[in-house]
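Undergrad: One structure, pasted below without further comment.
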Amino acid sequence: MKAEMKRDNSIARMAETPVNRLMLSMGIPMIISMALQAFYNIVDSAFVSNMRENGEAALNALTLAFPVQMLMIAFSIGTGVGMNALLSKSLGQGDTERAARAVGNAEFLAAVIYVICCIFGIFGADAYISSQTSDPLIHSMAVKYLRICCCGSIGTAYFAVFEKALQAAGLSLYSTIAQISGAVVNIVLDPVLIYGLFGLPEMGVTGAAWATIIGQIVSFAAAYFFHLKKNTAVKNGFCYMKPSVPIIRTIYSIGLPAIISQALMSVMTYGLNRILANISTSAVTAYGLYYKIQQFILFAAFGLRDAITPIAAFSSGMRDRRRVLDTVKYGVLYTFVIMAAGLAVLEICAKPLAGAFGLSDETESLCISAIRIISVSFIFAGFNIACQGVFQALDSGVQSLVISLLRQLVLVLPLAYVFAGLVSSGSSPAWLVWTAFIISEGVSAAAALVMLVKRLRADE
């Protein structure tokens, strides 16, 4: 088995490279990839909002479609995360047959996800958008945009599979190249298709949708190419795509919490918007802007988490407890550094960042307070994110789910609701509501520490 592993450079790298160096070499490309994703999410909205006509309506249309897009991404990424952990562990055990079936079954599941998204786009988009708006212009834009994104979601579903397959084998540089390729295509095509440059027709929101799915398909094609050419540790073929209930059950026992975690982001944002609306529309706007700004920091932590999971899973498969513990140690340390640096930057740059959006005095003041107060929660959030990566790797998806529920639903929404009530009554300043994030992340971190210690002791 050892000889077989040494014949594949990627497997030898995962098994022998010191964990601190391996995590940096795998994590840095993922961090860059995630940061770029956060960047082009903002760029999309910027191009649409600056259309010559109906820019605000177009932005509203994209906002209505966003929760469904997040759900498509959630199911795709969750499937990829489950396959990633199973693949890494199988490679660590030297079980190449199980590794191939893990990837093959994930490909089958990606096809199922795509078909479901397509059906929803054709038959469900109109009803979904109608439940949120009665404005005919916004309704028309949103339905067109959502249908294109749903029916073209093959790139989203399959990129998640091959991105995670590359990461599982320690080839995160190639998954990053694939991600960047699609992002660049998306950013370049946005103004061309939205505004009708170079003699092309002005497509507006429809152009934004086409730019999005073309970029996603480019990322998928690049990731698939790299998987076939570079991921030599994994065998490929239609025979491995035959559905296996035990394999699929294992994938989702790990991936389901990741799906729920991603979906909770949409639920939390929706809930907070409803709660903040009781204070003022300025509070809703301020939080929305803060959410976009903080994505750069959180997405960087998510990138490192995506390096923690395959390293810990591979080490667990090898039954190398020392490397598992090193993964926990360096994962927590590096995530803390990212979040502490992000906190420092946001504290220093809060005023100029908020001022760059041309806000009213009230909204700008609320945005500055959100940046400076909510960002303190980064110190705890980094630990929570790192622990989720470890739990996903060690077949402890329930613990990962518990952390997500505590952070994004169970604690933050009730606290925000209570604090918003105090603000609305005039008995407390508006910034009090932002402290809900600090309390939620802090309590979640304490719970995560208890669960992590218990889980690691179980392997002794």
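The values are calculated or read from the model by the stated rules, or taken from the named source; none is laboratory data. Here the structure is a predicted model, which is why all the values come from computation and not from measurement. Note that each Cβ is placed from the backbone with ideal geometry, even for glycine, and that neighbours are counted across all protein chains shown.
Undergrad: So, in region 112-138, of the ones that are closer than 13 Å to L62 by Cβ and assigned to a helix (DSSP H, G or I), which residue ends up farthest from the chain's Cα centre (by Cα)?
TA: Applying the filter and picking the extreme gives I138.
Undergrad: Let me ask you something else. Would you mind stating whether V328 is part of a helix (DSSP H, G or I), in contact with an Asp or Glu (Cβ under 9 Å, 6 or more places away or on another chain) and in contact (Cβ under 8 Å) with a residue 24 or more places away in the chain?
TA: For V328, the condition - part of a helix (DSSP H, G or I), in contact with an Asp or Glu (Cβ under 9 Å, 6 or more places away or on another chain) and in contact (Cβ under 8 Å) with a residue 24 or more places away in the chain - is not met.
Undergrad: For R457, all conditions in the list (1) of a type in the set (D, E, K, R); (2) out of contact with any helix residue (DSSP H, G or I) (no Cβ under 9 Å at 6 or more places or on another chain); (3) over 23 Å from I311 (Cβ atoms) hold save one; what is the number of the exception?
TA: Result: R457 passes all but (3).
Undergrad: If you take the residues in region 411-438 that are hydrophobic (A, V, I, L, M, F, W, C) and surrounded by fewer than 16 Cβ atoms within 10 Å (Cβ to Cβ), which one is farthest from L264 (Cα to Cα)?
TA: Only one residue tops the list, namely L422.
Undergrad: Kindly indicate whether V143 is part of a helix (DSSP H, G or I), modelled with pLDDT of 85 or more, touching an Asp or Glu at 6+ places or on another chain (Cβ under 6 Å) and not charged (D, E, K, R).
TA: Against the criterion (part of a helix (DSSP H, G or I), modelled with pLDDT of 85 or more, touching an Asp or Glu at 6+ places or on another chain (Cβ under 6 Å) and not charged (D, E, K, R)), V143 qualifies.
Undergrad: Give the residue that is surrounded by the most Cβ atoms within 10 Å (Cβ to Cβ), with candidates limited to residues of region 293-330 that are at pLDDT 90 or above and hydroxyl-bearing (S, T, Y).
TA: Here the residue is T327.
Undergrad: Residues of region 412-434 being among the aliphatic types (A, V, I, L, M) and at pLDDT 90 or above, which ones?
TA: V412, L413, L415, A416, V418, A420, L422, V423, L432, V433
Undergrad: Report every pair of residues separated by at least 6 positions or lying on different chains whose Cβ atoms are under 9 Å apart, first residue within region 240-269 and at pLDDT 80 or above, second among the charged types (D, E, K, R) and not in a helix (DSSP H, G or I).
TA: The qualifying pairs are T250/D395; S253/D395.
Residue-wise test of (1) outside the structural domain of G80 (by TED's automatic domain parsing); (2) in a helix (DSSP H, G or I); (3) without any contact (Cβ under 8 Å) to a residue 40 or more places away in the chain.
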residue: I385; (1), (2), (3): yes, yes, no
residue: G389; (1), (2), (3): yes, yes, no
residue: V398; (1), (2), (3): yes, yes, no
residue: V418; (1), (2), (3): yes, yes, yes
residue: S428; (1), (2), (3): yes, no, yes
residue: L432; (1), (2), (3): yes, yes, yes
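Undergrad: Take S76 and tell me if it is in contact with a Ser or Thr (Cβ under 6 Å, 6 or more places away or on another chain), modelled with pLDDT of 85 or more and among the hydroxyl-bearing types (S, T, Y).
TA: Yes.
Undergrad: Could you identify the single residue in I379, I385 that is modelled with pLDDT under 95, among the aliphatic types (A, V, I, L, M) and buried (at least 24 other Cβ atoms within 10 Å of the Cβ)?
TA: On the way: I379 fails: buried (at least 24 other Cβ atoms within 10 Å of the Cβ).
When all the criteria are applied, what remains is I385.
Undergrad: While we're on this one: Look at I403 and say whether it is assigned to a helix (DSSP H, G or I), of a type in the set (V, I, T) and more than 20 Å from E347 (Cα to Cα).
TA: Working: assigned to a helix (DSSP H, G or I): yes; of a type in the set (V, I, T): yes; more than 20 Å from E347 (Cα to Cα): yes.
Against the criterion (assigned to a helix (DSSP H, G or I), of a type in the set (V, I, T) and more than 20 Å from E347 (Cα to Cα)), I403 qualifies.
Undergrad: Sticking with this structure for a sec: Give G155, G104 a once-over and let me know the one that is buried (at least 16 other Cβ atoms within 10 Å of the Cβ), more than 20 Å from the chain's Cα centre (by Cα) and not in a loop (DSSP other than H, G, I, E, B).
TA: Step by step, each of G155, G104 is checked, and only G104 is buried (at least 16 other Cβ atoms within 10 Å of the Cβ), more than 20 Å from the chain's Cα centre (by Cα) and not in a loop (DSSP other than H, G, I, E, B).
Undergrad: Further question: What's the total number of residues in region 198-210 that are without any contact (Cβ under 8 Å) to a residue 60 or more places away in the chain and either crowded, with 17+ Cβ neighbours inside 10 Å or not assigned by TED's automatic domain parsing to the domain that holds D44 (or both)?
TA: Within region 198-210, residues that are without any contact (Cβ under 8 Å) to a residue 60 or more places away in the chain and either crowded, with 17+ Cβ neighbours inside 10 Å or not assigned by TED's automatic domain parsing to the domain that holds D44 (or both) number 2.
Undergrad: If we scan region 72-90, do we find a residue that is over 22 Å from the mean Cα position of the chain (by Cα), assigned to a helix (DSSP H, G or I), over 17 Å from S315 (Cβ atoms) and among the hydroxyl-bearing types (S, T, Y)?
TA: No, region 72-90 contains no residue that is over 22 Å from the mean Cα position of the chain (by Cα), assigned to a helix (DSSP H, G or I), over 17 Å from S315 (Cβ atoms) and among the hydroxyl-bearing types (S, T, Y).
Undergrad: Would you mind telling me which numbered condition in (1) within 20 Å of Q262 (Cα to Cα); (2) in contact (Cβ under 8 Å) with a residue 60 or more places away in the chain; (3) under 18 Å from the mean Cα position of the chain (by Cα) M339 fails?
TA: So M339 meets the others, but not (2).
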